[in-house]
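Structure, as structure tokens:
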Amino acid sequence: MEKKIYLDNASTTMPSKNVIDEVVKAMSENYGNPSSAHTMGIEAEHKLKESRERVQSLCKKHWSKIYFTSGGTESNNWALISGSNKNKHVGKTIITSSVEHPSVLEPLKELEKRGFKIVKISVDDKCHIDMDEFEKHMKEDVALISIMRVNNETGSIFPVEELYKLKPEHAIFHSDCIQALGKVDIPKVDLVSFSGHKLHGPKGVGALCLGNNIKMPPMIVGGGQEENMRSGTENLQSIAGFGKACEEALNKYEDNKKYIGALKERLKLAIQENLDDIKINSPENSVSNILNVSFIGTKSEVLLHRLEMEGIFVSAGSACSTNKKSQSHVLKAMGLKDEEVDSAIRFSFSRYNTEEEIDYVAEKLIESVRGMRSIMRFRGRR
């Protein structure tokens, strides 16, 4: 296999050269402990501060505190579990959507076992949240709300700031912004979660950001790092790489959106012009780097591996749930039929993809879908 065309950037991204250089520099030069009082410790502390400022700049400095974590899953768990426990005197109702990432839905299951009531707001066939249903549940016993900014499977963008305005006064509002950072504006809410590896940074690093007047219980106690909120010697090399990735994303924010969006539209148009019996599951106003399409008459897992044989890497859904033998809860919540869910492929793009790659993907995709439909004797939907 000579070609390697990576279109699974919603799962993870290739670290940029500058990020790799920043990580190596932090490991080889800034290897002092940021808590140490000597010169090398102070230099490491400065790098930690610089990285925090770079993350803050990308999300327009809305946050009073940014605490580094091991990634988006930890950030989401911290926000949900600590936030709900902190606010349980207000009530024991938690509001979320039916299409959240597993790193939100699974902690909520644990909270349900502890006596919290979980209310999942439905979405329509374009993965848009039901605003009326959301507003109906905004009662004084709501302790916490968690609504993602960008859906990881369809790329649908949720109006989080509008929803925030509807919340009860004492409810804590959290947003999973892991797919949003560097792609769309980050909403001004109480808590947001980030992850480094979704925007060409390292794996194993993320952040939980707190808005004004929000206080949270510590995640890990011990040495007092991260202002006593998450103890343990900081993963400085990964944090430095995350900060550099944020700086790069900020410097070419609009250019990247425009370029990546054009690649997405190029592939979408080729699919629509050459294949019948498809369903575009990403709405028109979805984020620029995600395109979800159902190819009726195929099986997504088979199509995925057929494309892999041509050097093309895509996804059949969320990377965090691919190994589970179940249908996409996102597409099911949107009301898709089984044949549409089971034939869905997610293409996710980055600034490193090219028009030539997209044209090659379109060619091999069309060939593969037609070939599979012929084998399966699919004659089209009636």
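Shown in residue order for segment 59-66 are the 3J(HN,Hα) couplings computed by the Karplus curve 6.51 cos²θ - 1.76 cosθ + 1.60 at θ = phi - 60°: 9, 6, 6, 6, 9, 6, 9, 10 Hz (x for Gly and Pro). Between segment 54-84 and segment 1-45, the C-alpha centres lie 19 angstrom from each other.
Near residue 281, the amide H atoms lying under 5 Å from its own belong to 292, 293, 294; only residues 5 or more places off or on other chains count, and H is placed 1.01 Å from N. Each Cα pair under 8 Å and six or more residues apart adds its separation to the average, and for the chain the resulting relative contact order is 23 percent.
The alpha carbon centroids of segment 113-145 and segment 219-257 are separated by 31 Å. The share of Cα pairs per 10 Å bin across segment 239-347, counted from zero up to the longest distance, runs 13, 39, 31, 16, 2 percent. Convex hull volume per residue, computed on the Cα atoms of segment 258-320, equals 109 Å³. Test of understanding: in a Gaussian network model of the chain with alpha carbons linked when under 10 Å, which of 75, 57, 146 would top the mean-square fluctuation ranking? Largest GNM mean-square fluctuation: 57. Charges were assigned to the Cβ only: +1 to each Lys and Arg, -1 to each Asp and Glu. The resulting dipole of the chain about its Cα centre is roughly 640 debye. Around the amide H of residue 205, modelled in the peptide plane, lie the amide H atoms of 196, 197, all under 5 Å away and 5 or more residues distant in sequence or on another chain. Each Lys and Arg adds +1 at its Cβ and each Asp and Glu adds -1 at its Cβ; summed about the Cα centre, segment 248-382 shows a dipole of about 600 debye. DSSP bridge analysis restricted to the chain gives an antiparallel fraction near 50%, rounded to the nearest 5.
Rounded to the nearest whole Hz, the Karplus-based 3J(HN,Hα) values (6.51 cos²θ - 1.76 cosθ + 1.60, θ = phi - 60°) of segment 206-214 follow the sequence x, 7, 10, 10, 10, x, 4, 6, 9, with x at glycine and proline. Using every pair of separate Cα atoms, the Kirkwood estimate puts the hydrodynamic radius of the chain at 21.7 angstrom.
Coordinate-derived values only; no laboratory data. All of these numbers come straight from a predicted model, not from anything done at the bench. No Cβ is skipped: glycine too gets one built from the backbone with ideal geometry, and neighbour counts run over all protein chains shown.
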